[in-house]
1. Does V187 satisfy the criteria of being surrounded by 15 or more Cβ atoms within 10 Å (Cβ to Cβ) and either at pLDDT below 95 or over 23 Å from E72 (Cα atoms) (or both)?
2. I'd like the residue in the range 5-43 that is part of a loop (DSSP other than H, G, I, E, B) and of a type in the set (V, I, T) and, out of all such residues, is farthest from N73 (Cα to Cα).
3. Can you name every residue in the range 74-131 that is in a loop (DSSP other than H, G, I, E, B) and farther than 30 Å from C175 by Cβ?
4. Return yes when A119 is surrounded by fewer than 21 Cβ atoms within 10 Å (Cβ to Cβ) and touching a residue at least 12 places away in the same chain (Cβ under 8 Å) and no when it is not.
5. Mind telling me which of the residues K59, K153, K145 ends up being more than 29 Å from K208 (Cα to Cα) and either of a type in the set (K, R) or surrounded by 13 or more Cβ atoms within 10 Å (Cβ to Cβ) (or both)?
6. Which condition from (1) within 25 Å of H215 (Cα to Cα); (2) surrounded by fewer than 19 Cβ atoms within 10 Å (Cβ to Cβ); (3) acidic (D, E) is the one that D68 breaks?
7. Scan the range 156-170 residue by residue and report those that are touching a strand residue (DSSP E or B) at 6+ places or on another chain (Cβ under 9 Å), outside any loop (DSSP other than H, G, I, E, B) and either of a type in the set (V, I, T) or under 19 Å from R102 (Cβ atoms) (or both).
8. Of the conditions (1) out of contact with any Asp or Glu (no Cβ under 8 Å at 6 or more places or on another chain); (2) buried (at least 22 other Cβ atoms within 10 Å of the Cβ), N21 satisfies every one except a single condition; which number is it?
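The values are calculated or read from the model by the stated rules, or taken from the named source; none is laboratory data. Everything numeric here is computed off the predicted structure, so don't read it as measured data. Positions of Cβ are generated from backbone atoms using ideal geometry, with glycine treated the same way; all protein chains shown enter the neighbour counts.
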Amino acid sequence: MIDITGDTHIPIDIHKLASRNYPESKEMTKNDYVIITGDFGGVWDGSSEDEYWRKWLDKKPFTTLFVDGNHENFDLLAKYPVVDFMGGKAHKISDSIYHLMRGYVFDIEGKSFFVMGGAASHDKEYREENISWWQEEMPDEEEMKRGLENLEKRGFEVDYIISHCAPDHIQDIVCYYREQLRGSTTVYAKDSLTGYLQQVMDRCSFKKWFFGHYHLDREINDQFRALYYDIIRLD
């Protein structure tokens, strides 16, 4: 089984994975996976609280996989060992928690997943660099090049794409929904990453694209799904 959900912002939104809120997890084993679409937050400040929540996840019956968002401590993430993992590269956080690194295609339970984490923070002015905000929140040239090369090896065809933010065109639609549903005036600007993801969208064949970042649960169209609280099980 493979389930996908949105940002967990540990400890703020991790409770959706508690068994009382997620009873389907009781049927799972460590050979089943929950994929978090960024802003994991479980590698944040090296505190005992970080450790508590990672142990909490380790005790769950499933294995946790996460794409990085913009709210991650990239200095701490980089200290974890890089391992070969299901056709790609991952930071091994624990025996059952893995950070799926940018630009790789992972083969999980017979399904292929292209992963590109990262996003631009719109609240940088309220954060402190290398304490609560990191420049590494945005993929660099090498990571984006690697992504296109790995997609080319697959003939630009994968089953699923997992990212934190969305391509330019989809982000425009998301911002419209946020304004209509909530009256939200938060500005999510187009940038090098949303433009890159638009390029991936235009060139790649895929069944479904899941993303977080916008704190919205919404089926954008047949191929794009914004995730926050919802947990989606793949067929």
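1. On the way: surrounded by 15 or more Cβ atoms within 10 Å (Cβ to Cβ): no; either at pLDDT below 95 or over 23 Å from E72 (Cα atoms) (or both): yes.
No.
2. Narrowing the range 5-43 to residues part of a loop (DSSP other than H, G, I, E, B): 6-13, 18-22, 28-32, 37-43.
Checking which are of a type in the set (V, I, T) leaves us with 8, 10, 12, 29, 37, 43.
Numbers: T8: 14, I10: 12, I12: 16, T29: 29, T37: 16, V43: 6 Å.
Result: T29.
3. We begin by selecting, within the range 74-131, every residue in a loop (DSSP other than H, G, I, E, B); these are 78-81, 86-87, 95-96, 101-104, 109-110, 117-123, 127-128, 130-131.
The answer is A78, K79, Y80, P81, M86, G87, D95, S96, E109, G110.
4. Details: surrounded by fewer than 21 Cβ atoms within 10 Å (Cβ to Cβ): no; touching a residue at least 12 places away in the same chain (Cβ under 8 Å): yes.
Against the criterion (surrounded by fewer than 21 Cβ atoms within 10 Å (Cβ to Cβ) and touching a residue at least 12 places away in the same chain (Cβ under 8 Å)), A119 does not qualify.
5. Numbers: K153 fails: more than 29 Å from K208 (Cα to Cα); K145 fails: more than 29 Å from K208 (Cα to Cα).
Exactly one residue qualifies, and that residue is K59.
6. Only one criterion in (1) within 25 Å of H215 (Cα to Cα); (2) surrounded by fewer than 19 Cβ atoms within 10 Å (Cβ to Cβ); (3) acidic (D, E) is unmet by D68, namely (2).
7. Step one: list which residues in the range 156-170 are touching a strand residue (DSSP E or B) at 6+ places or on another chain (Cβ under 9 Å), which gives 156-167, 170.
Within this subset, residues satisfying the condition of being outside any loop (DSSP other than H, G, I, E, B) are 157, 160-163, 170.
Y160, I161, I162, S163, I170, listed by residue number.
8. Failed condition: (2).
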